[in-house]
Amino acid sequence: MPPPISSIFFSRKMSAEVPTTMETETVDSEPKLESNSLPPKPKFEPLKAHEMSDGRVQFRKVSVPPHRYSPLKKYWMDIYTPIYEQMKIDIRMNLKARKVELKTRLDTPDISNLQKCADFVQAFMLGFDVADAIALLRLDELYVESFEIKDVKTLRGEHLSRAIGRLSGKGGKTKFAIENATKTRIVIADTKIHILGSFANIKIARDSLCSLILGSPAGKVYSKLRQVSARLAERF
């Protein structure tokens with residue numbers, strides 16, 4: 001009896017699917033690069049200040065007000081020494097132009113030192129002590145902000161005098177309290193006010209001074225400073 005057609009078809013299909021021999025494909029592996037074959041990394045020396053500016057010497061000039069001649073002459077060596085020896089910046093006083101001139105040298109380590117020194121000299125010209133202004137050379141997060149009393153409120157005559165008196169306090173008591181609470185330095189030069197400190201501390205001191213200008217009593221400002229100083233202590 002012949003086999004059924006279905007079994008013949010199934011056997012032929014299986015024989016077609018299963019190969020008689022196994023074919024293998026060989027893939028050439030990529031050659032591994034040896035570590036010694038790579039060229040060494042180039043080592044570049046850091047650029048100096050005069051090389052960053054294509055060999056050009058950069059200058060800064062700071063004007064000297066007439067009332068700061070005597071203090072500048074008295075503290076000249078205290079200003080000259082850190083600028084010339086530590087920051088590697090040349091400095092001189094131009095008597096004819098009445099300006100302090102600064103310029104970079106070949107051995108200046110960083111081009112930003114020139115601007116730091118200019119800010120330091122400018123802070124001294126505004127009335128800050130050398131010991132306070134020299135912090136601008138050593139810390140990056142310090143700034144000087146200036147404003148006038150008329151920017152807050154227009155005052156004239158005795159009202160202006162009383163506002164200046166509120167800012168200073170008896171014997172400078174109020175000004176010293178704001179400085180100690182906010183870790184800033186304040187200079188009150190007639191109607192102009194200069195604040196030296198970090199950005200956040202300058203804002204706190206400026207708000208306190210503006211409250212005094214607007215007529216707030218010193219006791220109210222003191223209480224606000226206590227709250228703010230407590231928050232600052234918790235933050236740090």
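The values are calculated or read from the model by the stated rules, or taken from the named source; none is laboratory data. A quick note: this is a predicted structure, and the numbers were derived from the prediction, not measured. So basically every Cβ, Gly included, is an ideal-geometry build from the backbone, and we count neighbours across all protein chains shown. Heads up: the accessible areas ignore ligands, DNA and RNA and are worked out on the full protein's heavy atoms, side chains in. Shrake-Rupley method; radii C 1.70, N 1.55, O 1.52, S 1.80 Å.
Among what's in the stretch 183-196 and is of a type outside the set (Lys, Arg) and touching a strand residue (DSSP E or B) at 6+ places or on another chain (Cβ under 7 Å), pick the residue that is surrounded by the fewest Cβ atoms within 10 Å (Cβ to Cβ).
Filtering the stretch 183-196 for residues of a type outside the set (Lys, Arg) gives 184, 186-191, 193-196.
Next cut, touching a strand residue (DSSP E or B) at 6+ places or on another chain (Cβ under 7 Å) only: 184, 186-187, 191, 193-196.
Working: Thr184: 22, Ile186: 25, Val187: 18, Thr191: 14, Ile193: 24, His194: 17, Ile195: 23, Leu196: 25.
The residue in question is Thr191.
Within the stretch 137-148, is there a residue that is touching a Lys or Arg at 6+ places or on another chain (Cβ under 7 Å), assigned to a helix (DSSP H, G or I) and under 24 Å from Leu114 (Cβ atoms)?
Yes, the conditions are met somewhere in the stretch 137-148.
The rows are residues; the columns are (1) among the hydrophobic types (A, V, I, L, M, F, W, C); (2) modelled with pLDDT of 90 or more; (3) in contact with a His (Cβ under 9 Å, 6 or more places away or on another chain).
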{"position": "Arg156", "(1), (2), (3)": "no, no, no"}
{"position": "Ala163", "(1), (2), (3)": "yes, no, no"}
{"position": "Lys170", "(1), (2), (3)": "no, no, no"}
{"position": "Ile193", "(1), (2), (3)": "yes, yes, no"}
{"position": "Gly197", "(1), (2), (3)": "no, yes, no"}
{"position": "Ser208", "(1), (2), (3)": "no, yes, no"}
{"position": "Val228", "(1), (2), (3)": "yes, no, no"}
{"position": "Leu232", "(1), (2), (3)": "yes, no, no"}
{"position": "Arg235", "(1), (2), (3)": "no, no, no"}
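Contact list please: Cβ distance under 8 Å, first residue in the stretch 157-185 and closer than 20 Å to Ser146 by Cβ, second residue in a helix (DSSP H, G or I) and of a type in the set (Asp, Glu), pairs at least six apart or on different chains.
As it stands, the answer is Arg185/Asp132; Arg185/Glu179, since those pairs meet every condition given.
Among all residue pairs at least 6 apart or on different chains, which show Cβ distances below 6 Å where the first residue, located in the stretch 105-117, is farther than 12 Å from Met52 by Cβ and the second is surrounded by fewer than 20 Cβ atoms within 10 Å (Cβ to Cβ) and of a type in the set (A, V, I, L, M, F, W, C)?
Matching pairs, first to second residue: Lys116/Leu137.
Given the conditions (1) within 24 Å of Asp140 (Cβ to Cβ); (2) open to solvent by 70 Å² or more (accessible area, probe 1.4 Å); (3) at pLDDT 90 or above, which single one is not true for Phe176?
Failed condition: (1).
Would you mind finding the one in Ser211, Ser168, Ser161 that is surrounded by fewer than 15 Cβ atoms within 10 Å (Cβ to Cβ) and over 24 Å from the mean Cα position of the chain (by Cα)? Full working, then the answer.
Details: Ser211 fails: surrounded by fewer than 15 Cβ atoms within 10 Å (Cβ to Cβ); Ser168 fails: surrounded by fewer than 15 Cβ atoms within 10 Å (Cβ to Cβ).
Exactly one of Ser211, Ser168, Ser161 is surrounded by fewer than 15 Cβ atoms within 10 Å (Cβ to Cβ) and over 24 Å from the mean Cα position of the chain (by Cα), namely Ser161.
Among residues belonging to the stretch 29-52 that are outside any helix (DSSP H, G or I) and within 16 Å of Lys88 (Cα to Cα), point out the one that is modelled with the highest pLDDT.
In this case the residue turns out to be Leu47.
Out of the residues in the stretch 197-208 that are in contact (Cβ under 8 Å) with a residue 40 or more places away in the chain and either open to solvent by 10 Å² or more (accessible area, probe 1.4 Å) or basic (Lys, Arg) (or both), which is farthest from Asp140 (Cα to Cα)? I'd like the intermediate steps shown before the answer.
As a first pass, look at the stretch 197-208 and keep what is in contact (Cβ under 8 Å) with a residue 40 or more places away in the chain: 197-199, 202, 206.
Now drop any that are not either open to solvent by 10 Å² or more (accessible area, probe 1.4 Å) or basic (Lys, Arg) (or both), which leaves 198-199, 206.
Values: Ser198: 9, Phe199: 11, Arg206: 20 Å.
Looking at residues that are in contact (Cβ under 8 Å) with a residue 40 or more places away in the chain and either open to solvent by 10 Å² or more (accessible area, probe 1.4 Å) or basic (Lys, Arg) (or both), I get Arg206.
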